[in-house]
Amino acid sequence: MTMLAAVLATIIFVGCLILIFSEKLNRTITAIAGGALMVIVGIVLGFYSEETALKAIDFNTLGLLLGMMILVAMLEPTGFFQYLAVLAARSSKGKPMRLFILLGVITTILSMFLDNVTTVVLIAPVTILICEIMGINTLPFLVSEALLSNTGGVATLVGDPPNVLIGSAAELSFNDFLIYSMPIVLVAWVGALFLLQYLFKKELSKRPRSVKAIMRLNPAESLDEPLVARKILIVLGGAVLFFFIHHALQISPSVVALSAAAVALVWVRPDIHEVLKRIEWSVLVFFGALFVMVGGLEAAGVMDALVRLLARASDVPPVLFGVALIWIVAALSAVVDNVPVTIALIPVIKGLEPTMDITPLWWALAFGAGFGGSGTIIGSTANIIVTTLSEKTRTPITSAIWNKRGLPVMLVTCAIASILFAIFYSAF
């Protein structure tokens, strides 16, 4: 019965990953169906229950995501993100290369404190409009915004969903990410930016048709509700400050995020129905369903089997084991969304604790999941979003185009992360 339970649980989980990869069904619907099937099979075979499934859900992760989503949902209609994009366009003075760097920097900074999917959803449409006004190719800007958001998001606890998952599971603080992840991400980001400038040198060297039109744009006109934007930014800044000290106060990041959202809602008093409409509920449900499926894998003994298999590699030098993990996770994240990969590997890493020091492995997992998503057009949701938006432009992004730009960025960032991880392994 134990073997049958492990086999069926594995089939359910792998089957859902295949459907997510093939995009034949909506990923949230796939995850819900998989989670429900896992519970039903578990009840029938006696290895899983509804109570156990509920305990498998990491509500700290969901709370952190929900709190940040509420803040973004309130900030979005103020025009703040459009204001930043137009300000960058004006500051570029019509020079494509300068605009490329400015938009890349803005996208990266935003993705460090907001989910990178939300960042590209807000920045990419404005980027398309600016490029059309200037008469330049949108391709370099859209691709680089997705890739740089993937890279920059790895720097902080709240910048990338895998980081949120890892931080919650390993009890890593916001400051831990700033100390151990941000320096490596910064070097990888610089490498990615220089590589992208080289890869798009031909497109960025063409002179724009209309520089005067972009200089006539007024950033202030993009800001529809400056007072509301200022209030929410103050609350967001306060939340970031509390992220720095949440460990000392013995409160979780989810409490900080939800408290900030509550303060913003009380202070601004927006139309709550409009705010709720902008929240990505499907993402939260997707996460919850994945937790249920992985909980089923654990209950069926699949994770224990994987731990025993990996424990045999304990004779391998820990540094090499960590570097190998970066590349394995990156390869998986390039073909499957990095969220299910991360959720699945967290209990495996926890299971290795008796045989090795797993602290460095959490950072290897973060680098692999974050940087690996850049490898293919379906490697991260941000990639899919900019690809879909590009279909409305003269130069839609295809898989072939992405492979020529995204895959090199993935290889370079993973290589940089691997080298620095090996050099500073003892510091983790």
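Hey, got a sec? Which trypsin sites (Lys or Arg not before Pro) in region 375-425 land in a DSSP loop and have at most 12 other Cβ atoms within 10 Å?
Taking region 375-425 and a limit of 12 other Cβ atoms within 10 Å, the loop trypsin sites (Lys or Arg not before Pro) found are LYS392, ARG394.
Can you tell which of VAL302, VAL336, VAL185 shows the greatest fluctuation in a Gaussian network model of the chain with Cα springs below 10 Å?
Highest fluctuation among the options: VAL302.
About the Cα centre of region 324-428, how large is the charge dipole given +1 on each Lys and Arg Cβ and -1 on each Asp and Glu Cβ? Please answer in debye to the nearest 20.
So the magnitude is around 420 debye.
Using only Cα atoms and rounding to the nearest 10 degrees, what angle (0 to 90) does helix 381-390 make with the longest principal axis of the chain?
The helix 381-390 is inclined about 40 degrees to the chain.
Between helix 59-75 and the chain, what is the angle of the helix's C-alpha long axis to the longest principal axis, kept within 0 to 90° and rounded to the nearest 10?
Result, in degrees: 10.
For the chain, the longest stretch holding no GluC sites (Glu not before Pro) located in a DSSP loop with at most 12 other Cβ atoms within 10 Å is which?
Counting at most 12 other Cβ atoms within 10 Å as exposed, the longest clean stretch of the chain is 172-390.
May I ask for the distance between the Cα centers of region 131-202 and region 276-309, given as a whole number of Å?
What the calculation gives is 25 Å, centre to centre.
Calculate the dipole size of region 57-427 relative to its Cα centre from +1 charges on Lys and Arg beta carbons and -1 charges on Asp and Glu beta carbons; express the result in debye to the nearest 20.
1760
Lysine pairs in the chain with alpha-carbon atoms under 15 Å apart, 8 or more places apart or on different chains: how many are there?
Final tally of qualifying lysine pairs is 8.
In the Gaussian network model of the chain, springs joining C-alpha atoms below 10 Å, which of ASN26, ASN163, ASN60 carries the largest mean-square fluctuation?
So, out of ASN26, ASN163, ASN60, the one fluctuating most is ASN26.
Give me PHE80, PHE321 ranked fewest to most by other Cβ atoms within 10 Å of their Cβ, as a rough exposure proxy.
PHE321, PHE80
Two-decimal Rg/Rh of region 57-427 from alpha-carbon positions, Kirkwood Rh?
When Rh is taken as the Kirkwood radius, the ratio is 0.98.
Sum up the charges of everything whose Cβ sits under 15 Å from the Cβ of TRP267, counting Lys and Arg as +1 and Asp and Glu as -1, but leave TRP267 out.
+1
Arranged by the count of other C-beta atoms within 10 angstrom, fewest first, what order do ASP304, ASP337 take?
Going from least to most buried by this count: ASP304, ASP337.
In region 110-256, what is the volume of the convex hull around the alpha carbon atoms, normalised per residue and reported in Å³?
Hull volume over Cα atoms, normalised by residue count, gives 118 Å³.
Just to confirm a number: summing +1 for Lys and Arg and -1 for Asp and Glu over residues other than THR359 whose beta-carbon lies under 12 angstrom from that of THR359, what do you get?
The answer is -3.
What net charge do the residues around GLY370 carry, taking every other residue with its C-beta under 14 Å from that of GLY370, with Lys and Arg at +1 and Asp and Glu at -1?
-3
So which residue, out of GLN197, GLN82, GLN250, gets the largest mean-square fluctuation from a GNM of the chain using Cα contacts under 10 Å as springs?
Of the options given, GLN250 has the highest mean-square fluctuation.
Which angle between 0 and 90 degrees, to the nearest 10, do you get for helix 80-92 versus the longest principal axis of the chain when only C-alpha atoms count?
50
We did not get these values from a lab; they are worked out from the coordinates using the rules stated. Please read these numbers as outputs of a predicted model, since none were measured by experiment. Please note: Cβ atoms are built from the backbone with ideal geometry, for glycine as well, and neighbour counts cover all protein chains shown.
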